[in-house]
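Participant: Input: one structure, supplied below.
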């Protein structure tokens, strides 16, 4: 991916069809400085859009309301991908989820390969839920179902 592209290439789109780990960078609404958070409730809605959800109390929500420009860093599909775009709110509260999550779409403007020269990612980051595994799976299913319907 040497050239600048404006849509997710097929391998990246495919990698983003399931729960994934990504880093979301926003501009802090108070300091004006960069802010970064790890998120996992995200998926590629189509090659030009990434959808994600966060708790309504998250600072991410205030940051995006003040400045909708974001960077999503996704590690997978063989590289580190910097996905830039503008966020819009899909819904302030996802239906069928036991607490209020704000759902956003990132309208992708640029996708860049951010991996240093001469290397590739051989294994995507892995994480595990540290609370009740059945409860986590149930909640994840509720969130992803609601995000797909929103």
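The values are calculated or read from the model by the stated rules, or taken from the named source; none is laboratory data. Just so we're clear, the structure is a prediction, and the values are computed from it rather than from any experiment. Quick reminder, even Gly has a Cβ in these numbers, built from the backbone with ideal geometry, and neighbours come from all protein chains shown.
Participant: Tell me the residue from 22, 44 that is touching a helix residue (DSSP H, G or I) at 6+ places or on another chain (Cβ under 6 Å), buried (at least 16 other Cβ atoms within 10 Å of the Cβ), closer than 17 Å to residue 76 by Cα and modelled with pLDDT of 95 or more, please.
Facilitator: 44
Participant: For segment 16-35, state whether one or more residues are without any contact (Cβ under 8 Å) to a residue 24 or more places away in the chain, more than 12 Å from the chain's Cα centre (by Cα) and in a strand (DSSP E or B).
Facilitator: Scanning segment 16-35 turns up at least one residue that is without any contact (Cβ under 8 Å) to a residue 24 or more places away in the chain, more than 12 Å from the chain's Cα centre (by Cα) and in a strand (DSSP E or B).
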